[in-house]
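Note sheet for the following structure.
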């Protein structure tokens, strides 16, 4: 993370701290359940604790961080049931948005999404994660022309960002997601409503399965770490 000391132009220090911490959480470098120390983060960013505390509060309001009284802030831990419910809602919203886009999206708008998809292909074929600045789902949802659908979908999307970040790290998922995105766009360009809805649902079901597998892996790792800690503590006491 870049230090923020001495910044006098552009966004406020508070805003820059918020952006930096949000990127830190969404990068997946701090796994779900990891403690986010105000002291350590303030030292790393070379700022006071006040903007760090404010940024963590904003992240808590977004659902990316959980604050526990007298314990501090932690990266949000996702439960399988929670992910299933959010993904169910996401499928409903994105399938509806894509169906609306069949009739409402202009050829020019679809060409822009095609360019976005092609722009991500090089990174994906190299085995890298899907480029964060080329978000296919946001682009497709916007084609619906319905601001309320876009707003609702964005809220669900943001709640799942961290789970999606973990899933994107799984081997081969980015390439499969790219192919699934291509199937959605092909159906949109053909103005085939049924094919669009089918492709969206299939893609999001695959994404859900990957998220749930990632959560299982994180939980298994946390359980192993706890067992190791308890074992070390028990061995220490028996000496």
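So, of the residues in segment 14-28 that are part of a helix (DSSP H, G or I) and under 10 Å from the mean Cα position of the chain (by Cα), which turns out to be nearest to residue 49 (Cα to Cα)?
Out of the qualifying residues, it is 25.
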Out of the residues in segment 97-115 that are more than 20 Å from residue 147 (Cβ to Cβ) and under 25 Å from the mean Cα position of the chain (by Cα), which is surrounded by the most Cβ atoms within 10 Å (Cβ to Cβ)? 114
Return the residue satisfying two criteria in turn: it lies in segment 29-54 and is in a loop (DSSP other than H, G, I, E, B) and touching a strand residue (DSSP E or B) at 6+ places or on another chain (Cβ under 9 Å), and of such residues it is modelled with the highest pLDDT. 37
Could you list, in sequence order, the residues of segment 101-132 that are in a loop (DSSP other than H, G, I, E, B) and either farther than 13 Å from residue 191 by Cβ or modelled with pLDDT under 90 (or both)? 126, 127, 128, 129, 130, 131, 132
Of everything in segment 64-90, what is within 25 Å of residue 13 (Cα to Cα) and either surrounded by 16 or more Cβ atoms within 10 Å (Cβ to Cβ) or not assigned by TED's automatic domain parsing to the domain that holds residue 24 (or both)? Give them in sequence order. 64, 65, 66, 73, 74, 75, 76
For segment 60-76, which positions are at pLDDT below 95 and closer than 14 Å to residue 24 by Cβ? 62, 64, 65, 75, 76
If residue 66 satisfies every condition in (1) touching a strand residue (DSSP E or B) at 6+ places or on another chain (Cβ under 9 Å); (2) in a helix (DSSP H, G or I) but one, which is the exception? (2)
Quick one: how many residues across segment 151-201 are modelled with pLDDT under 90 and either part of a loop (DSSP other than H, G, I, E, B) or touching a strand residue (DSSP E or B) at 6+ places or on another chain (Cβ under 9 Å) (or both)? 6
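The values are calculated or read from the model by the stated rules, or taken from the named source; none is laboratory data. Keep in mind that this is a model prediction, so the values were computed, not measured. In this analysis, Cβ positions are derived from the backbone assuming ideal geometry, glycine residues included, and neighbour counts consider all displayed protein chains.
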